[in-house]
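Here the structure is laid out as structure tokens; the discussion comes afterwards.
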Amino acid sequence: MALSFRQTEIMDIARAEGRVVVEDLAQRFEVTLQTIRRDLAELADAGLIDRVHGGAVARTGVANLGYDHRRRMNEAAKAAIARACAAEIPENCSIIINLGTTTEAVAHELLGHTNITVITNNMNVANTLTANPGCEIMVAGGALRRSDGGLVGELTTQFFEQFKVDYAIIGASALDHDGDLLDFDFAEVRVSKAIIRQARQTFLVCDHSKLSRSAPVRLASLADVTSVFTDIPLPQELARKCEEWGTRVVVAGERTG
């Protein structure tokens, strides 16, 4: 389903707040109640939300969202997170960047870096960084996932095991309140685990919507991450755990922990 800009923003609100109300959305977008009800009906038909009396609630099942929809979700937040992350990546270093729309945003922010080596299993990252003459790009082998340009599988895992890099920049589909990073694809998780093992420092980039989602496969814990870059402060208990683990939390636009 190709979402309109209004429907994309409705999804952003639903995932951020958990619920949307027809009357509130009509006032926000200055459209009729019938228009909003039609938007919600289409989103529900696509399996993205569940209708309830007077509005809808975000669906947090085990099915991942489509790539185009994920790319458009929380674009401003992802850009801010990417800038904060890229600002902490020095020149003259080696980096692994894995799959995800936020990691792709980081690649865009690295276009001005010089003398960096980027190793990736994300074709979108590689294509973005071709515009940077100061970046050497190495692309993993593996099975191409046409839905998002990702390379996964045993060959991809073995490829990353040949390197030891300064930084890994990773994403996750969901972040559990106990600090577990979760994803949907077991093959992708195996690759990401190898990436973490082969990096001296690991930077997680994820926006607030990941805290309201769920996924079935455990990737790692925030305890395994050097720094997490996000757009709003983490819940108090999770922030406390990060402090205990020594995991630095960077909120885009401010610095904490």
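Residues in the stretch 99-150 that are at pLDDT below 95, small (Gly, Ala, Ser) and buried (at least 19 other Cβ atoms within 10 Å of the Cβ): 100, 142, 150. When the stretch 1-51 is filtered for residues that are assigned to a strand (DSSP E or B), closer than 19 Å to residue 213 by Cα and in contact (Cβ under 8 Å) with a residue 12 or more places away in the chain, the ones remaining, listed by number, are 19, 20, 49. How many residues, within the stretch 174-201, are charged (D, E, K, R), over 16 Å from the mean Cα position of the chain (by Cα) and farther than 20 Å from residue 155 by Cβ? Final tally of qualifying residues: 2. Among all residues of the stretch 202-209, there is none that is over 29 Å from residue 117 (Cα atoms) and in a loop (DSSP other than H, G, I, E, B).
Collect the residues in the stretch 209-248 that are of a type outside the set (D, E, K, R), within 16 Å of residue 84 (Cα to Cα) and surrounded by fewer than 19 Cβ atoms within 10 Å (Cβ to Cβ), keeping them in residue-number order. 226, 232, 233 - these are the residues of the stretch 209-248 that are of a type outside the set (D, E, K, R), within 16 Å of residue 84 (Cα to Cα) and surrounded by fewer than 19 Cβ atoms within 10 Å (Cβ to Cβ). Against the criterion of being on the phi > 0 side of the Ramachandran plot, assigned by TED's automatic domain parsing to the domain that holds residue 216 and out of contact with any strand residue (DSSP E or B) (no Cβ under 6 Å at 6 or more places or on another chain), residue 132 does not qualify.
Highlighted here would be strands (runs of 3 or more DSSP E) found entirely within the stretch 143-188 that include at least 3 residues which are free of Cβ contacts under 8 Å to residues at least 40 places away in the same chain and of a type in the set (A, V, I, L, M, F, W, C), but there are none.
The values are calculated or read from the model by the stated rules, or taken from the named source; none is laboratory data. What you see is a predicted model; the values in this text were computed from it and never measured. A quick note on method: Cβ atoms are made from the backbone with ideal geometry, for glycine too, and the neighbour counts reach across all protein chains shown.
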